[in-house]
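Here is the structure we will look at.
The values are calculated or read from the model by the stated rules, or taken from the named source; none is laboratory data. Nothing here was measured: the structure is a model prediction, and the numbers come from that model. Don't worry about glycine lacking a Cβ; one is built from the backbone with ideal geometry, like all the others, and counts go over all protein chains shown.
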Amino acid sequence: MIDNLHSLPDPSSIPLVALESMNDTHREEIKMVIRLGTLLAQAMEGNVDEKAISVEIAAWVEHTRHHFKRENELMLEFGFPAYPVHSGEHERILALLDELHQSWLENRSVEPLATFLFESWPEWFEMHVNTMDSITAQFINQRGGA
Ligand SMILES: [Fe+2]
Ligand SMILES: [Fe+2]
């Protein structure tokens, strides 16, 4: 069974990295995911607001695109050695989000979105922030980046 909003991270207790700009972006993202998750949880109870879901998923995908682009730029600017691995992971997740967004627009099916958001994304996010983002932020912070 799909879990509910409790599976999403709390914006006030996210894993922190050494760059405050990255932490801010991560907090913003969690707030967006909670907004979308709230709509999806309502939809699963029979109260489907397709228009609001479309707005929130589009905003989330765009935010993620900027989030990853900014991290990729920072890595290049500071010569982060594991750039191919970290940016490759961004590319993989962004392709997945684009695909989910596209299939939502085509068939307005709540379940695949809810499954991804409540079951896969929280674990992915925590793992990504605690590993690749954390190491990247530390590297950049040590070289004077902000
Ligand atoms: Fe990040
Ligand atoms: Fe990242």
For this session: From Ala59, Ala114, Ala95, Ala137, grab the single residue that is modelled with pLDDT of 95 or more, among the small types (Gly, Ala, Ser), within 16 Å of ligand 2 (Cβ to nearest atom) and over 21 Å from Ala18 (Cβ atoms).
Result: Ala95
Exercise. Which of the residues that make up segment 117-134 are closer than 16 Å to Val33 by Cβ, free of Cβ contacts under 8 Å to residues at least 60 places away in the same chain and either within 12 Å of ligand 2 (Cβ to nearest atom) or not small (Gly, Ala, Ser) (or both)?
Worked result: Glu123, Trp124, Met127, His128
Problem set entry | Selection count, segment 1-33, where residues are surrounded by 15 or more Cβ atoms within 10 Å (Cβ to Cβ), aliphatic (A, V, I, L, M) and not in a loop (DSSP other than H, G, I, E, B) | 4
Problem set entry | Selected residue (criterion: farthest from the chain's Cα centre (by Cα)) from residues of segment 51-85 that are among the small types (Gly, Ala, Ser) and part of a helix (DSSP H, G or I) | Ala52
Exercise. Which condition number in (1) more than 16 Å from ligand 1 (Cβ to nearest atom); (2) in a helix (DSSP H, G or I) is the one that Val48 fails?
Worked result: (2)
For this session: Can you confirm whether segment 103-116 contains a residue that is more than 16 Å from ligand 1 (Cβ to nearest atom), part of a loop (DSSP other than H, G, I, E, B) and over 28 Å from Glu45 (Cβ atoms)?
Result: no
Problem set entry | Considering residues of segment 125-140 that are within 9 Å of ligand 1 (Cβ to nearest atom) and among the hydrophobic types (A, V, I, L, M, F, W, C) only, the residue nearest to the chain's Cα centre (by Cα) | Phe125
